[in-house]
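Report on the following structure.
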Amino acid sequence: MISEKRFDFLLLSLTVLVLSLSSGRAWGRTQTFIGKAFDETGVLEYIERHDIVHEGNSVLTSHTTYVGPNKSVIGYLNSEYAPLPQFCSYIFKDLRRQYEDGVRLKEDRVCLFRKVVPEVEEETLCLPKEEKQIIGQGFHHFIRSHLDSIAEGKVFHVKLVLPSRLDQAGFRILKKKTEGNSIWIRLEIDNWLIRFFAPFMDVLYDRESGRLQL
């Protein structure tokens, strides 16, 4: 949930139940979906609306708005994608805590930043840019681009960029099981020892459409 306990905002943005899809706009294609995120007991935490703009086969931008159970906007996430959609510059703001973090892409660097409260200085850390890095909602686009390979059993070892911690961590992406045209995919810590004690995330994709189902 959008709190100090968050694994990273990326994981929140993927714990959604997709309810609708629509497209439009002449200059590109806009994909919109609305989802709901629940806590471990099934209580609704927030509703999220994603508007993703495509140009041809490329993802250009995405805007996510987070609305609390009382219908008030509690946060948003704006992303601009690089030629490889697993990379993006983005800014996330939690309006309840006045917290923000994000990533600024440079030519050969990935610069993380966070600002815990408006009164403090922004903290930053720049990391060398690597092919294995995944940033923000680029995780979803990475999976869609490699869905067939994952379905065939390939395990991807990646580095998930975590602006909230001014760090990055090794993760692996792998298939857990398939059910007809659907495939369960797991994101978990790469280190085998830490993996026993760390959280993981399972997501469900439709293999034909590449659509996130759960």
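By the gyration tensor of its Cα atoms, with a ≥ b ≥ c the square roots of the eigenvalues, what is the shape of the stretch 9-206: rounded for a/c under 1.5, prolate for a/b over b/c, or oblate? Because its axes are fairly even, with a/c under 1.5, the stretch 9-206 counts as rounded.
Extension gain for Arg97-Gln31 works out to 20.8 nm (0.36 nm per residue, less the C-alpha to C-alpha distance). Rounded, prolate or oblate, given the Cα gyration tensor of the stretch 50-129, with a/c below 1.5 counting as rounded? Judged from the Cα gyration tensor, the stretch 50-129 comes out oblate (a/c at least 1.5, b/c at or above a/b). Potential lengthening of the chain between Asp202 and Cys126 amounts to 24.4 nm, from the contour at 0.36 nm per residue minus the alpha-carbon distance. Here the stretch 74-102 is scanned for amide nitrogen atoms under 16 Å from the site 7 Å beyond the Cα of His146 along Cα-to-Cβ, giving 84-88. Here the simple spin-label model places points 7 Å from the Cα toward Cβ, and for Ser58 and Thr178 these points are separated by 3.2 nm. Checked against a 24 Å cut-off, the cross-linked pairs Lys154/Lys177; Lys106/Lys159; Lys36/Lys106; Lys93/Lys132; Lys36/Lys93 give Cα-Cα distances beyond that limit for Lys36/Lys106; Lys93/Lys132. In straight-distance terms, cross-link reach from Lys71 covers every one of the aspartates and glutamates whose alpha-carbon lies under 14 Å from its own, apart from those fewer than eight places away in the same chain; here that gives Glu45, Glu48.
Since every read-out is calculated from the coordinates, none of them should be taken as a lab result. Here the structure is a predicted model, which is why all the values come from computation and not from measurement. Cβ: placed from backbone, ideal geometry, glycine included. Neighbour counts: every protein chain shown.
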